[in-house]
Amino acid sequence: VATSEATTTFPIPAGVFAETVTAVKHYTDRLFAFRMTRPASFRFRSGEFVMIGLPNAEKPVFRAYSIASPAWDEELEFFSIKVPGGPLTEHLQKIKVGDTVLMRKKPTGTLVHDALLPGKRLFLFSTGTGIAPFASVIRDPETYEKFDQVVLTQTCRQNAELDYGRELVETTRNDELMREFVGDKLLFHASATREGETRGHRVTTLIENGKLFADLGIGPLDPATDRAMICGSMAMLREIEGLLKARGFEEGANNKPGTYVVERAFVD
Ligand code: A2P
């Protein structure tokens, strides 16, 4: 078996799980997804993140990664950017099946059902790898027990960057286990802002000019019935928050549920 950079050459630090990579898929030169074994004792809520690292140093670098897989999955899935020269992703992007990935034991995060008040429609707004926590949320049966409609949006620069989300929605709608929960409740709106017909179509623009709702054939945002989760770059979080607040939405937290939640753990 060929060894790769991520092969364990340092002792596993105390208090972390050491898991084995089971699949790697590269989407573009900037994006890839991987799956790994899940510790039997590890529990999490859909939408939470964990700290991930590699056993390639005495003191490994850890970064926050949303768990993209649902709680019922026997493996864990992650969707990652590749940052040239990035302290973790520079190495993580080279992992192969059989390699070891480290994971701190405690999951956490705000993109969870507990932080939202009951509602009718759930909006999941993402840019880039911000779709990862929602890959977990849309594969959780509880999401469809709690909401009549689930609207996932993803904005990326290039069309190919939307492939992970497209595959995700397609497989979720057709999945044997999920199909009966999802039915026709799951809507997906994807736009590439730097090429093709959707050039310039940031989700923020589409909310403001109403095209998001027209494209999907649904009514506008209403804080009385709608709930929202946001995950993406700092600029995007701020802008969507602004749009939601202007419409009367209020931020929620685990100890005080509201009408929208934001994950700030990934912002540089
Ligand atoms: P754009 O191409 O117009 O910059 P990034 O890689 O910079 O994080 O951007 C990922 C995607 O998010 C791009 O499609 C980008 O659009 C979009 N984006 C960047 N800033 C915002 C924002 N403030 N609101 C909505 N979308 C944004």
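No value in this document is a laboratory result; all are computed from the given coordinates. Here the structure is a predicted model, which means the values were calculated and not measured. Using ideal geometry, Cβ is built from the backbone for each residue, glycine included, and neighbour counts are taken over all protein chains shown.
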Inter-probe distance in nm under a simple model that places probes 7 Å from Cα toward Cβ, at A14 and R202
4.7 nm
Taking the Cα atoms only, what angle lies between the long axis of helix 163-174 and the longest principal axis of the chain, rounded to 10 degrees?
70 degrees
Given contacts defined as C-alpha pairs under 8 Å and at least six residues apart, what's the relative contact order of the chain, whole-number percent?
19 percent
Given Cα pairs under 8 Å that are at least 6 residues apart, what percent is the relative contact order of the stretch 16-104?
40 percent
If you place +1 on the Cβ of every Lys and Arg and -1 on the Cβ of every Asp and Glu, how big does the dipole about the Cα centre of the stretch 141-268 come out, in debye to the nearest 20?
440 debye
Who wins for biggest fluctuation among R227, R63, R194 in a Gaussian network model of the chain, springs between alpha carbons below 10 Å?
R194
Computed FRET efficiency, Cβ-Cβ of D114 and A214, R0 35 Å: what is it to the nearest 0.05?
0.60
Return the lysines within reach of K96: Cα separation strictly under 24 angstrom, same-chain partners fewer than 8 residues apart disregarded; answer none if there are no such residues.
K25, K59, K82, K105
Charge dipole (debye, nearest 20) of the chain; +1 at Cβ of Lys and Arg, -1 at Cβ of Asp and Glu:
520 debye
Measure nothing fancy, just the Cα-based angle from helix 234-246's long axis to the longest principal axis of the chain, in degrees from 0 to 90, nearest 10.
30 degrees
Give the distance, in whole Å, between the Cα centre of the stretch 31-91 and the Cα centre of the stretch 157-195.
21 Å
